[in-house]
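*Asks:* Below is one structure. I have some questions about it.
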Amino acid sequence: MLDQTHDLALTSWVSSAQAAGTDFPIQNLPLGVFAAADGRIGVGVAIGDQVLDLRVARDAGLLTDLSAAVAATLEGRSLNALIALGRPALAAVRAAVQGVLRADTEAGRMAQRVPALLQTMASVQMQLPVAIGDYTDFYASVDHATNVGSMFRPDNPLLPNYRHVPIGYHGRASSIVPTGTPVHRPMGQVSAKPEGPPTFAPTARLDYELEVGAVIGVGNALGTSVPLAEAESHLAGLVLVNDWSARDVQAWEYQPLGPFLAKNFATTISPWVVTLDALEPYRVPARVRTAEEPLPLPYLTDAGDQAHGGFDLTLEVWIRTARMREAGTPAERLSHGSFAQMYWTLGQMLAHHASGGCNLRPGDLIASGTVSGPEKSSRGCLLELTWRGAEPVTFSNGETRAFLADGDEVIVRGWCEAPGRARIGFGECRGVVVGA
Ligand code: MN
């Protein structure tokens, strides 16, 4: 599955694509939707610190290798029409765009003379990359599930179903926002005692959740399922997700049906869909079950998924408080971990989701659930990091946090590296908390 598009030696005539530490070298080429300074909305590809306008490239005759059906999707306000055509269409766009951006091709020489082909990232406003019809959030980190479970059930942290069924809930698609959108501290029912009575107040326990989201490309018809071996043919790519959560609201409302208003007020995603083709060099085996852990049921078992169902994706959460901004000091890192050791693969989550006949549609979002590892430094939310607020974190300016304060900006970052391969990143998923 590795091909010339992953070659480390490739360079672009866009010089910032070669900058050290860039998320967007020519081996990445993620897809997104931008609003230009003049208000025009376009479908684009990230390259260095620039955005390539796919419609301009097409209309200038730079993408003539693409079929008419694929070329017709390179405009509009979302990636839905393109990703609905499946992985071969995405691979064709990737190869064609790479040819246009390469330093050593005739297409690259022509492209440099096309007006308005590139917009600087600083001049555009990134939009949601897809129109999201449905959003599902899983709970696929066993370390997260064990930590949270142990706060509420010290003797029995992991419920008996966890190692058999990918747990999830149906989330809210309408409140998914692109990076940079302010997040309003929600009002909600909270209760000091488990038996009540509640009051209606701004949440005092606002939290983030570090997650990875998978964007559905090709859907499946209602009443049909998706075999695990074919699951990844239904995936377009990945984004970073912050599943903002109100822990006090959650504690009062979650029984017996699970999260509701505690998680439906905002979910932030990064704006660039990093395609599965771009992620190919960083695939790793799925988490191996220990001798004490049951094997998944047959519909959740596949040799290919076991061999390379994981992603070696490094994740970080940073915070910049209002005081840090006022003082001009940089953001500070709260945690760092990896997506490689999730209990369930994205393929297993997708196959399970469709196993009862639920139809997935182009643009649907499947999030992983909070990504936490075994070390304290890799806990992916404040609930775990501060152990329900009992162990606040302290910053270098002396500020402490048990949960988020108004003015706090949370920044999620993610990237992949492998020996002999380029470093590719996701860009940022950020949001500032605004008071209720
Ligand atoms: Mn979540």
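*Asks:* Considering P298, P374, which residue is more than 20 Å from G168 (Cα to Cα) and not basic (K, R)?
*Replies:* Answer to the selection: P374.
*Asks:* Now, a different point. Identify all residues within the range 72-105 that are buried (at least 22 other Cβ atoms within 10 Å of the Cβ), assigned to a loop (DSSP other than H, G, I, E, B) and within 22 Å of the chain's Cα centre (by Cα); write none if there are none.
*Replies:* Matches in the range 72-105: L79 only.
*Asks:* Out of all the residues in the range 379-413, which are under 19 Å from the mean Cα position of the chain (by Cα) and either within 16 Å of the ligand (Cβ to nearest atom) or open to solvent by 10 Å² or more (accessible area, probe 1.4 Å) (or both)?
*Replies:* Across the range 379-413, the qualifying residues are R379, G380, C381, L382, E409, V410, V412, R413.
*Asks:* Among residues belonging to the range 130-145 that are open to solvent by 20 Å² or more (accessible area, probe 1.4 Å) and part of a loop (DSSP other than H, G, I, E, B), point out the one that is farthest from the ligand (Cβ to nearest atom).
*Replies:* A131
*Asks:* Looking at D3, D104, D38, which one is among the acidic types (D, E), without any contact (Cβ under 8 Å) to a residue 12 or more places away in the chain and either touching a helix residue (DSSP H, G or I) at 6+ places or on another chain (Cβ under 6 Å) or over 20 Å from L279 (Cα atoms) (or both)?
*Replies:* Values: D3 fails: either touching a helix residue (DSSP H, G or I) at 6+ places or on another chain (Cβ under 6 Å) or over 20 Å from L279 (Cα atoms) (or both); D104 fails: without any contact (Cβ under 8 Å) to a residue 12 or more places away in the chain.
Going through D3, D104, D38 in turn, just one is among the acidic types (D, E), without any contact (Cβ under 8 Å) to a residue 12 or more places away in the chain and either touching a helix residue (DSSP H, G or I) at 6+ places or on another chain (Cβ under 6 Å) or over 20 Å from L279 (Cα atoms) (or both): D38.
*Asks:* Being open to solvent by 50 Å² or more (accessible area, probe 1.4 Å) and assigned to a loop (DSSP other than H, G, I, E, B) is the filter; apply it to the range 179-192 and report the residue that is nearest to Q125 (Cα to Cα).
*Replies:* The residue in question is G180.
*Asks:* Can you tell me which residue in the range 146-178 is surrounded by the fewest Cβ atoms within 10 Å (Cβ to Cβ), limited to those that are in a helix (DSSP H, G or I) and touching a residue at least 60 places away in the same chain (Cβ under 8 Å)?
*Replies:* M151
*Asks:* Within the range 340-356, identify whether any single residue is in a strand (DSSP E or B) and either open to solvent by 10 Å² or more (accessible area, probe 1.4 Å) or touching a Pro at 6+ places or on another chain (Cβ under 9 Å) (or both), and answer yes or no.
*Replies:* no
*Asks:* Kindly indicate the residue of the range 303-335 that is of a type in the set (D, E) and out of contact with any Cys (no Cβ under 9 Å at 6 or more places or on another chain) and also surrounded by the most Cβ atoms within 10 Å (Cβ to Cβ) among those meeting that condition.
*Replies:* Within the range 303-335, the first condition is being of a type in the set (D, E), and the residues that meet it are 305, 312, 316, 326, 332.
The next check asks that each one be out of contact with any Cys (no Cβ under 9 Å at 6 or more places or on another chain); those that pass are 305, 316, 326, 332.
Details: D305: 23, E316: 16, E326: 9, E332: 16.
Only one residue tops the list, namely D305.
*Asks:* Take the range 383-401 and flag every residue that is in a loop (DSSP other than H, G, I, E, B), out of contact with any helix residue (DSSP H, G or I) (no Cβ under 7 Å at 6 or more places or on another chain) and not aromatic (F, W, Y).
*Replies:* Residues satisfying the conditions are T386, G389, A390, E391, P392, S396, G398.
*Asks:* Still on this model: Name the one entry in V371, V410 that is among the β-branched types (V, I, T) and not in a loop (DSSP other than H, G, I, E, B).
*Replies:* None of the other options fit; the residue is V410.
*Asks:* Okay, next question. If we scan the range 285-297, do we find a residue that is open to solvent by 20 Å² or more (accessible area, probe 1.4 Å) and touching a Ser or Thr at 6+ places or on another chain (Cβ under 6 Å)?
*Replies:* no
*Asks:* Here is a follow-up. Would a scan of the range 122-129 turn up a residue that is part of a helix (DSSP H, G or I) and either open to solvent by 30 Å² or more (accessible area, probe 1.4 Å) or under 19 Å from Q348 (Cα atoms) (or both)?
*Replies:* Checking the range 122-129: at least one residue is part of a helix (DSSP H, G or I) and either open to solvent by 30 Å² or more (accessible area, probe 1.4 Å) or under 19 Å from Q348 (Cα atoms) (or both).
*Asks:* Let me ask you something else. Small (G, A, S) and either without any contact (Cβ under 8 Å) to a residue 24 or more places away in the chain or within 16 Å of the ligand (Cβ to nearest atom) (or both): does that describe S355?
*Replies:* No, not satisfied.
*Asks:* Taking the range 212-225, which residues are out of contact with any Phe, Trp or Tyr (no Cβ under 9 Å at 6 or more places or on another chain) and either hydrophobic (A, V, I, L, M, F, W, C) or within 16 Å of the ligand (Cβ to nearest atom) (or both)?
*Replies:* A214, V215, I216, V218, A221, L222
*Asks:* When you go through (1) more than 30 Å from A354 (Cα to Cα); (2) touching a Gly at 6+ places or on another chain (Cβ under 9 Å); (3) open to solvent by 70 Å² or more (accessible area, probe 1.4 Å) one by one for E195, which number turns out not to apply?
*Replies:* Here E195 meets the rest and fails (2).
The values are calculated or read from the model by the stated rules, or taken from the named source; none is laboratory data. Predicted model, so just to flag it, every value in this text is computed and none were measured. Glycine also receives a Cβ, built like all others from the backbone with ideal geometry; neighbour counts cover every protein chain displayed. The area values use the complete protein model at the heavy-atom level, side chains included, leaving out ligands, DNA and RNA. Shrake-Rupley method; radii C 1.70, N 1.55, O 1.52, S 1.80 Å.
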